[in-house]
Amino acid sequence: MFRGVVVVLGLLASGAAQASPSEAAGVGGLDLWWPNGLDTTEYFSTDVNVFTNPGLADAYRDTVQVHLGHAGGGPFEGAGLAPRGFGLFALNGTMTLGFALNRDPSSFGEAAALGPTLDALMDGSSVSGQVGGGRFRDPVSLAGRDTPATAVGLAPPLDVFAAFDTPVGAIGVDLYAGFGQASSRAETQTDPVADEWTSVQERARSSWLSGTVGWVGASEKVVPEAWVEYTGVSAWHDQLAFAPAARGSWAATDEVVDQTVGLKGTRRIGVGGRVTIVGEKLDIVPAIQFDTASGGTFANYRLMNDVADAVEGPIARAETDTVAVTTHFLRGGVGLTYRPVENLRVVGTASGGYLVQRRVFDDNGDVDAVAGTAHERFEASAHGAFLPLVSLGAEYLATEHFGVRGSARATTFLNQGGVVNVAASGDEAASWALTENAMFASSSTGGVAPGLSVAAGPALRFDHVAVDGVLGGLVVGAGTDLFSRLDVTFDW
């Protein structure tokens, strides 16, 4: 019974029962104004939804895909340089296993709340909403007592899938892991006569771990789905430096720097669901998702312990400061897939989202007697709506082996303003305003930021091979100006 349900969902993905990220982007599922966080593939049937709901893995079993090209927001998607892809394999009639390589860690909605949180905790990341290249806004550097340290990016990550057919439907699990590391050591001679040297050792580590559990109900005409997701992100940078001494004989008494800074308790929880209402020619898919993310930064300057000392005191007190960010994001909408004839599919979606973010800097009552700075608390909050967010796309199979698809997509961000409260004298944390976040660039006054993008591409279909391409760009708004992708799918 349930095997028939997932076959139906797979067939809905396209006229040839084959789907790909290029296909999803070509009919309007990829948002270029804010990549990943506002993608709307959950409002129609496509294989990329297995990353949101791994219970769908059985619908696309016995498939291998390779993706080449570039899509907005993805550091692991270079044209032929770092291809990514996935494979799903049926072990028997009730179990499917699979894997994916090099998936962008913040794709398919995972960055909806977590991305803005990471952007607030790290400045200047190589890719917005991720850890690579970002400078930690740790308590010491945010208080102006030191320069920020840099987070290391992730090496190519891995997804592992498992889906099981049960009497109540399919249950699937997706586990994702990405790790990054870097280390260096430099020794410099400072006095050739006395043969004195300095040594600087640095290490950086990062990790992105996610787990998703999804369910697809055992029904053929009205198919319910639900999923729950958890993501934990860790990143830190450690530095150990020694003062002039004989080379190779570094001792604790020679230490001049011994410190670690990084993220603290940074996580995201997401829950969502959708219902696919299957009609003869028209399918209706309402969906809803809620994400909450929170985190902070920490600093541990192990040689700065004397709070009364003129040099050590400001840093020792800054270590205990609180730096915290919380972001909530609710989004929902509906998608319509209309098939007037066998070789034509029209996909339209209408949705919206509401985002709230709060930042707190608090020195927890410490008074910097040396600098003469009183107790300081800084709090900023802002909220905005993505409304409306609409897309319209179509796919036409002109022949048995060739088709075309194209789409247009409009996104409007209504910035409803922010409130900044500084509950003390002093302004050490005043630079940490929401105006540093591009999304809240008009946090004090509000504003409207529109976006319009278009995409189109070909589709080649053969017995067990499909080739999909897409080329798109942002016509109005700030974001990814151009993207392209080529996907090759093998099924059996």
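Things to note:
- Some residue of the stretch 195-207 being assigned to a loop (DSSP other than H, G, I, E, B), modelled with pLDDT under 95, of a type outside the set (Val, Ile, Thr) and at positive phi: yes
- Scanning the stretch 107-123 for residues that are assigned to a loop (DSSP other than H, G, I, E, B) and out of contact with any helix residue (DSSP H, G or I) (no Cβ under 9 Å at 6 or more places or on another chain) turns up nothing.
- Candidate set: the stretch 135-153, residues that are in contact (Cβ under 8 Å) with a residue 60 or more places away in the chain and within 18 Å of the chain's Cα centre (by Cα); chosen: the one farthest from LEU263 (Cα to Cα): GLY153
- Out of VAL470, VAL465, VAL454, one residue alone is within 23 Å of ALA398 (Cβ to Cβ), crowded, with 16+ Cβ neighbours inside 10 Å and modelled with pLDDT of 90 or more. It is VAL454.
- The residues of the stretch 297-331 that are free of Cβ contacts under 8 Å to residues at least 60 places away in the same chain, surrounded by 18 or more Cβ atoms within 10 Å (Cβ to Cβ) and farther than 16 Å from PHE361 by Cβ, listed by number, are MET304, GLY313, ALA316.
- Qualifying position, being in a loop (DSSP other than H, G, I, E, B), out of contact with any Asp or Glu (no Cβ under 9 Å at 6 or more places or on another chain), of a type outside the set (Lys, Arg) and closer than 30 Å to VAL200 by Cβ, among ALA310, ALA235: ALA310
- Restricting the stretch 1-50 to residues that are more than 21 Å from LEU114 (Cβ to Cβ), polar (S, T, N, Q) and at pLDDT 60 or above, the residue that is surrounded by the most Cβ atoms within 10 Å (Cβ to Cβ): SER22
- Test: residue in the stretch 246-257 that is in a strand (DSSP E or B) and buried (at least 18 other Cβ atoms within 10 Å of the Cβ): no
- Hits in the stretch 324-356 (condition: over 21 Å from ALA25 (Cα atoms) and under 21 Å from the mean Cα position of the chain (by Cα)): ALA324, VAL325, THR326, THR327, HIS328, PHE329, LEU330, TYR354, LEU355, VAL356
- Only residues that are over 32 Å from the mean Cα position of the chain (by Cα) and buried (at least 16 other Cβ atoms within 10 Å of the Cβ) were counted in the stretch 164-211, giving 3.
- Some residue of the stretch 263-278 being touching an Asp or Glu at 6+ places or on another chain (Cβ under 9 Å), buried (at least 19 other Cβ atoms within 10 Å of the Cβ) and not in a strand (DSSP E or B): yes
- Inter-residue pairs, beta-carbon under 6 Å, first without any contact (Cβ under 8 Å) to a residue 24 or more places away in the chain and in the stretch 182-209, second crowded, with 17+ Cβ neighbours inside 10 Å and among the β-branched types (Val, Ile, Thr), 6+ apart: THR188/THR198
- Beta carbons closer than 6 Å, at least 6 apart along the sequence or on distinct chains, pair a first residue in the stretch 370-391 that is closer than 30 Å to GLU312 by Cα and in a strand (DSSP E or B) with a second that is β-branched (Val, Ile, Thr) and modelled with pLDDT of 70 or more for GLU379/VAL360.
- Given (1) touching a Phe, Trp or Tyr at 6+ places or on another chain (Cβ under 6 Å); (2) surrounded by 23 or more Cβ atoms within 10 Å (Cβ to Cβ), index of the condition PHE161 fails: (1)
- Taken as a whole, the condition of being in contact with a Gly (Cβ under 6 Å, 6 or more places away or on another chain) and surrounded by fewer than 18 Cβ atoms within 10 Å (Cβ to Cβ) does not apply to ILE284.
- The single condition among (1) of a type in the set (Phe, Trp, Tyr); (2) in contact with a Gly (Cβ under 9 Å, 6 or more places away or on another chain); (3) under 30 Å from ALA113 (Cα atoms) that TRP197 does not meet is (3).
The values are calculated or read from the model by the stated rules, or taken from the named source; none is laboratory data. On a predicted model such as this, the values are computed, not experimentally measured, just so you know. In this analysis, Cβ positions are derived from the backbone assuming ideal geometry, glycine residues included, and neighbour counts consider all displayed protein chains.
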